[in-house]
1. When only residues in segment 424-482 that are in contact with a strand residue (DSSP E or B) (Cβ under 9 Å, 6 or more places away or on another chain) and of a type outside the set (D, E, K, R) count, which is modelled with the lowest pLDDT?
2. Give me the pairs: first residue in segment 98-114 and touching a residue at least 40 places away in the same chain (Cβ under 8 Å), second residue not in a helix (DSSP H, G or I), beta-carbon distance under 7 Å, and six or more apart or on different chains, which are they?
3. Looking at segment 249-283 only, could you name the residues that are closer than 18 Å to residue 340 by Cβ and of a type in the set (A, V, I, L, M)?
4. Which residues, counting only those in segment 254-296, are in contact with a helix residue (DSSP H, G or I) (Cβ under 6 Å, 6 or more places away or on another chain) and among the polar types (S, T, N, Q)?
5. Would you kindly identify the helices (runs of 4 or more DSSP H) lying entirely within segment 269-361 that contain at least 3 residues that are assigned by TED's automatic domain parsing to the domain that holds residue 390 and farther than 22 Å from residue 467 by Cα?
6. Would you check if there is a residue in segment 363-382 being over 19 Å from residue 284 (Cα atoms) and either in contact with a Lys or Arg (Cβ under 6 Å, 6 or more places away or on another chain) or in a helix (DSSP H, G or I) (or both)?
7. Inspect all residues belonging to segment 71-93 and state whether any of them is farther than 20 Å from residue 181 by Cα, out of contact with any Asp or Glu (no Cβ under 9 Å at 6 or more places or on another chain) and buried (at least 16 other Cβ atoms within 10 Å of the Cβ).
8. Among the numbered criteria (1) out of contact with any Gly (no Cβ under 9 Å at 6 or more places or on another chain); (2) in a helix (DSSP H, G or I), which one does residue 46 miss?
Amino acid sequence: MSHAFAPTDVRKWWALTALSIAALMVALDATVINIALPRAQLDLGFSSANRQWLITAYALAFGSLLLLGGRLSDLWGRRNALIVGLTGFALASAVGGSAETFSVLVSARAVQGAFGALLAPAALAALTTTFGDPQQRAKAFSIYGAIGGSGAATGLLLGGALTQWASWRWCLYINLAFAALALVGVALFVPHGRREHPTNLDVPGALLSSTGLVFIVYGLGHVVTSSWGDSLTWGSLVIGAVLLVLFAFNQRRAKSPLLPLRILVNRVRGGSLVALFITSIGIFGISLFLAYYLQTTIGYSPLRTGVAFLPMVVALALSAFVASARLLAKVGPRPLVPTGMILGMMGMVLFTKLTVNANYFSDVLPGLVVTGLGLGLIFAPAVASATAGVEAKDAGAASALVNTTQQIGGSMGTALLNTIAVSVSARAARARPAQLGRATREGVLAQLHATLHGYAVAFWWAAGLFGVGAVVTFALLESGVADLEGDPLLPR
């Protein structure tokens, strides 16, 4: 390569660093506050019933506004959208960290989610349009995918450390440092560019998609604290589904559609979105059940629980950096993603064997490592394939679709797997009422066994989903090299 192109390449990799920091900030904020909730509750005095809203407010705003945020990044330009998103996210984090009442804190979380919905697709779209060379693109998406994929586990680790060593407020203040670093990188290395798609915003489409996704995400979040049969749960899901169907009809007629349907008519993109959807279900299930298991069954502290997830993060990064970066540009996503799905399924099966007397190194660690290796093979190739071949004017919309798929998958995974675990545990408890009624060691063990049985069944369901994902992605994805000029993949 000539020296004339070297500075451009250096700028690309610095831009990737800034975009990865922004992606990490958004991803870890979905879980960083989870471990801090008990301390925040004591400090601000809100009820346990209201506690879930600190998680739901972020998820609702983030999930429902992603498609709008993606299109705004197309309209405003990636750099402008990134600057607005990072600044707004940082300010909301500062307000939340200094909150003295529950209402201020939950409002700040919602505003975080709204700016995150602008930031996440803008970062991915900027990455998509920055790296055109297949080999560079594969490496870039491997790094980005590893960082984004490990965000949930990193959030648990960071949340535990900050809560134990500083204060729950630092789970929000830490975003100021992330945002400042990312802003400097964006200002220096992400090109100005003109507006990528200088047309009017599809306001009816924005209203239909955002409102529909609000109802979907709310319904999935509500089922966690109620049931699938609850009228508010299924009512929200039905209303959300109807609004999204109306949104699809609207997009066919709109002059400047929020989500151009041409983005969806591609089997490789469809297979990649299926992979990301299933993987998000799995990773949220892992972080939820294992966090509870390590703290309530084995007795780990919040910090130790976060540290326990580190091997999965390391395995994910290793898999993404070494395998995906080297192989994706050569073989395409088809050999990698189904293999990752099979590894994910094996990891879930290993977690079904957990007992009340489990040893971390022999019983928990193998499942974390196997799952991490699998996730690394899925995230980077799937994200790269889902955004390959998209015209520059649609990059924001396609990136938003990727983020929306992951968000809905995470919400559905939490609702579905948690409901399965709770209902199975309740049935197991009813089968041994005499033991459970005793305030003795026998009674405690019986309750633990019932809870673990619920976890095991949920992990079997997750394993089945990964198995289905392996079959579907093998059928839909193709082997080949990414081609940004035409079809997403050129068959070998």
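1. Just the residues of segment 424-482 that are in contact with a strand residue (DSSP E or B) (Cβ under 9 Å, 6 or more places away or on another chain), to begin with: 477-482.
From what is left, the residues that are of a type outside the set (D, E, K, R) are 477, 479-482.
On the way: 477: 87, 479: 73, 480: 64, 481: 56, 482: 46.
Selected residue: 482.
2. 102/46; 105/99; 108/99; 112/29
3. Just the residues of segment 249-283 that are closer than 18 Å to residue 340 by Cβ, to begin with: 268-283.
Those that are closer than 18 Å to residue 340 by Cβ and of a type in the set (A, V, I, L, M): 268, 273, 274, 275, 276, 278, 281, 283.
4. Hits for segment 254-296 are 272, 279, 280, 287, 295.
5. 302-308, 310-318, 325-331
6. Looking only at segment 363-382, we keep the residues that are over 19 Å from residue 284 (Cα atoms), and these are 363, 381.
Next, only the ones that are either in contact with a Lys or Arg (Cβ under 6 Å, 6 or more places away or on another chain) or in a helix (DSSP H, G or I) (or both) stay: 363, 381.
Yes, the conditions are met somewhere in segment 363-382.
7. Yes, that holds for at least one residue.
8. Of (1) out of contact with any Gly (no Cβ under 9 Å at 6 or more places or on another chain); (2) in a helix (DSSP H, G or I), only one is false for residue 46: (2).
The values are calculated or read from the model by the stated rules, or taken from the named source; none is laboratory data. Since we're looking at a predicted model, the values are computed, not measured. With ideal geometry, Cβ positions are generated from the backbone for all residues, glycine too; neighbour counts draw on all protein chains shown.
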